[in-house]
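Reading through the C-alpha cells given below for one structure.
The values are calculated or read from the model by the stated rules, or taken from the named source; none is laboratory data. If you're wondering where the values come from, they're calculated on a predicted model, not measured in any experiment. Glycine gets a Cβ as well: all are built from the backbone with ideal geometry, and neighbour counts include every protein chain shown. Each accessible area value is taken on the protein alone, full model and side chains, heavy atoms only, with ligands, DNA and RNA left out. Shrake-Rupley method; radii C 1.70, N 1.55, O 1.52, S 1.80 Å.
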2 protein chains.
Amino acid sequence: MKATFGEYIRQLRTNKGLTLTELAALLKLDSANLSKIENGKREFDEKRLDKLANAFELDFEKLKVEYFGDQFAKKMYAYNCSSETLMVVEEKVNYLKSINVKQAEIKF
Amino acid sequence: MKATFGEYIRQLRTNKGLTLTELAALLKLDSANLSKIENGKREFDEKRLDKLANAFELDFEKLKVEYFGDQFAKKMYAYNCSSETLMVVEEKVNYLKSINVKQAEIKF
DNA sequence: TTAAATTTGTCATTTAATGACAAGTTAAAT
DNA sequence: ATTTAACTTGTCATTAAATGACAAATTTAA
C-alpha cells in the first residue's frame, strides 16, 4: 500500500461511500478530527484500530502493518534515518525475542 | 549492535570508566533516571542524542540508526508486528520522499 | 563495615495528545 | 446564484504521558 495511513483511511471510506461524519461516528471521534487524520494533520490513535478494522472488515494483522509501517516511515523520513535503520530493527526485534525466551525459560 | 539502546549506553559508559553520575552530568540528567534508561525502564530523550554523541565522539548518523532502530523494534515487539512491516516502511519512506512531504522540525 | 555506585519508588511538573466545537471553505444540486 | 451537505481549519480546555527531582533502599567494591 503506497500511501500514508490517512490516505488509506480516506480511500476505504470513500470506496464505501461514507461521509466523514458517518465514519467518525463508527470510530467514536469528531468528524473534524477525522478530517485532520485523513489529511495527515493528526495521528490516528492506535486504540481505535479495532474499530477501524470492524468498520471495513479488515484483517487486523494487516492493519497493524499498515499503521505501524506508517508511523515508522514518518519518523524515518522526518529524521532522515538511513535505510540501514531497518536492518537494525530486524536485529533488535530478534534480540528482544531471544531475551524474552530466556526469561520464559527461567520461569518454568 | 545486538542490544537495546539502554544496554548500548551502559556499554559505552563502562568502557570509558564513567559512573552514572558522571555521564548523567554530561547528559544533563539525573543519575537515577540514567540508571532507569540503561535498564530499559525509561526512554532516552531524543533531545539528548547530540550530547550523547559528543560524550563518546560517536558518528551521529550511526547513533540515529541505533536510537530509532531501538524505538521501532520495541514497538514491533510489543505489538507483535509481522516482519512484513519493515517492507512497508521502506515503501512508505520512498512514498514520502516522492511526494516531498514537508519535513517536521528536527531538533538536532 | 563503610563509602560509593546503582537501583527503585514516588510525585509534582512539564509537555504532548486528544476532544470538542465554532467558523470557514469547497462542492454538488437545484 | 442560492442553498445545503461535506469537508477543512483554528483554537482551546482537558486528558494523558513523559520527565525531573529527590529520598530511600540495595548492591558492590575497597
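Yes/no matrix, rows are residues, columns are (1) among the aromatic types (Phe, Trp, Tyr); (2) away from DNA strand D (no atom under 16 Å from the Cβ):
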site	(1), (2)
B:Gly17	no, no
B:Glu43	no, no
B:Tyr79	yes, no
B:Glu84	no, yes
B:Asn100	no, yes
Per-region count, the stretch B:51-67, residues more than 14 Å from DNA strand D (Cβ to nearest atom) and part of a helix (DSSP H, G or I)
11
If A:Lys75 satisfies all but one of (1) facing another protein chain (nearest Cβ under 7 Å); (2) open to solvent by less than 50 Å² (accessible area, probe 1.4 Å); (3) within 16 Å of DNA strand D (Cβ to nearest atom), what's the number of the condition it fails?
(2)
Exception for B:Val88 within (1) buried (at least 19 other Cβ atoms within 10 Å of the Cβ); (2) within 18 Å of the chain's Cα centre (by Cα) falls at (2)
I want to confirm something. Restricting to the stretch B:48-72 and keeping residues that are open to solvent by 50 Å² or more (accessible area, probe 1.4 Å) and of a type in the set (Asp, Glu), which single residue is farthest from the other protein chains (Cβ to nearest Cβ)?
B:Glu57
Sort out which residues of the stretch A:1-47 are within 14 Å of another protein chain (Cβ to nearest Cβ), within 14 Å of DNA strand C (Cβ to nearest atom), in a helix (DSSP H, G or I) and open to solvent by less than 90 Å² (accessible area, probe 1.4 Å), and write them in order of number.
A:Phe5, A:Gly6, A:Glu46
